[in-house]
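Comments concern the structure below.
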Amino acid sequence: MQPDHFLGYRRPAGDVGVRNHVLLLPTITCANQVAASAATLARGAVFVTHQHGCGQTGRDLEQTMRTFIGYGSNPNVYGVVVCGLGCEAASARIVAEGIARRGGKPVELVLIQESGGTLRAIEDAARAAAWMLQDASELVREQVPVSELVLGTECGGSDACSGISANPAVGSVADRLVDAGGTVLLAETTELIGAEHLLAERAARPEVAQRVYEVIERYEREILATGYDMRGGNPSPGNMAGGLTTIEEKSLGAAHKAGTRPLMDVIPYATRPKTRGLVWMDTPGHDIEQLTGMVAGGAQVVLFTTGRGTPTGCCIAPVLKIATNTATFERLRDNTDVDAGAIVAGTASVEEVGERLYGELVRTCSGRLTRAEVLGHQEFGLWRIGPTL
Amino acid sequence: MAMASLLVLDARDNVAVALESLEAGSRARVAGGALELRDAVPMGHKVALRAIAAGEQVLKYGAVIGRATVDIAQGAHVHVHNLEGLRGRGDRRPGASGQDG
């Protein structure tokens, strides 16, 4: 294989998947059971569960719909069976149409009220997924450049080593990918409070620098309106046990994931980047809501650093876990793919660990499973921005 | 046994990071010199490189991570007991109900 290439699945819309999943996507809590049961019949199909999709309105509903459509449109997905009840606010029909329009990929719609109850809806959903699985199995990976990748970056269960070892190693991978023409998502707006000036300085255009301050100010204003010190919520008790004292300190470490290249844009939650290079997606620090937003924005693969350890995975995108220290890597070996602890121990440089991590990233994109995938982790979380009605 | 070391991330910093857990009274290597630890400091936690007065800014990565709430002696453990963040402080908002909400 040529350098800076991987083996991926070219989709009808031209984008490239690193996986080839058939997704059962409920747009409402009421349809979770149908999606989960259909996945046991159509073996190999994946599904998500969640607790939203109704009693929502306005911007909040729009964001939820955008997240569903973006998730189904992710290039790692071959085809989607959208499962609804039939009367919910987050219309399964609109989601199905949105995915079909965007990607030209196979999409089927199953509504419990139209199928005639749970058992019939499970049968309809399982059959639709089964035919898709059969067609998907014929696709062959082809060699494509890493410039096709949208890499999500994330840190969770951070400790004081995060900003010294794993995050800078991810930053070196981010730089390499940007230089090769790829796209890197930085996210977790909450966890950039106190580091925004460093990112604004790197903005490609003055409007981008202004957006950096706007998204930070909006988030901080919401936190101030609660009347609480955000400490305890973020940094979390685990972050503090790991040596992080304040949000500023955590943020300065978190920002290292972004490498050193110019910041090209700041984009809303669960939207596709319009430019290549380093892009900031405005998401909460909550690991799962962030992960879901990045994947709905088209990220095919995620590098996730952790100091305390975390099991998080995604049913349609590989999430590579990188431990900031060797003790955590050893303790949570089941959940952790790469150990960046050698940087703290002084036995390897950031560049050396970054090189190893880049190799692991390319192999993963070509098909090697992550620990989270092997163990079946499939966390999914919607970022709600309005009241439940 | 070699002396344990402290990592200074930026020349402007007034705290350093313990690269392993350190005992009170032990001496740690730091930026070509040595520092006596006043407290036990777990791995990854911060140590004051010099005396930091109450109200003074605490710097790590060359940037402000908060403010000392009390006088901090050189070699002391720097954490939630003597350092507070300045951002996201809803409890400082006029009329805030504080931690008892």
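The values are calculated or read from the model by the stated rules, or taken from the named source; none is laboratory data. Bear in mind that the values here come from a model prediction, so they are computed numbers and not experimental data. Because the Cβ atoms are built from the backbone with ideal geometry, glycine has one as well, and the counts that use them run over all protein chains shown.
List of remarks:
- For region B:47-77, the set of residues classified as facing chain A (nearest Cβ under 7 Å) and not in a loop (DSSP other than H, G, I, E, B) consists of B:60, B:63, B:64, B:65, B:66, listed by residue number.
- Residues that are at the interface with chain B (Cβ under 7 Å from one of its Cβ atoms) and in contact with a helix residue (DSSP H, G or I) (Cβ under 7 Å, 6 or more places away or on another chain) were ranked within region A:210-224; the one that is surrounded by the most Cβ atoms within 10 Å (Cβ to Cβ) is A:223.
- Answer from A:177, A:151 - the residue that is among the hydrophobic types (A, V, I, L, M, F, W, C), surrounded by 22 or more Cβ atoms within 10 Å (Cβ to Cβ), closer than 20 Å to residue A:260 by Cβ and in contact with a Gly (Cβ under 7 Å, 6 or more places away or on another chain): A:151
- Region A:256-291, residues that are assigned to a helix (DSSP H, G or I) and surrounded by 24 or more Cβ atoms within 10 Å (Cβ to Cβ): A:256, A:257, A:258, A:290, A:291
- The listed residues are B:15, B:8, and the only one of them that is facing chain A (nearest Cβ under 10 Å), under 15 Å from the mean Cα position of the chain (by Cα) and of a type outside the set (Lys, Arg) turns out to be B:15.
- Identity of the residue in region B:87-101, facing another protein chain (nearest Cβ under 7 Å) and either closer than 14 Å to residue B:66 by Cα or at pLDDT 70 or above (or both), that ends up surrounded by the most Cβ atoms within 10 Å (Cβ to Cβ): B:88
- Restricting region A:72-125 to residues that are among the hydroxyl-bearing types (Ser, Thr, Tyr) and surrounded by 20 or more Cβ atoms within 10 Å (Cβ to Cβ), the residue that is nearest to the chain's Cα centre (by Cα): A:73
- Residue, farthest from residue A:241 (Cα to Cα), within region B:1-46, restricted to residues that are part of a strand (DSSP E or B) and among the small types (Gly, Ala, Ser): B:33
- Whichever residue in region A:325-346 is outside any helix (DSSP H, G or I) and away from every other protein chain (no Cβ under 12 Å) and, among such residues, is surrounded by the most Cβ atoms within 10 Å (Cβ to Cβ): A:340
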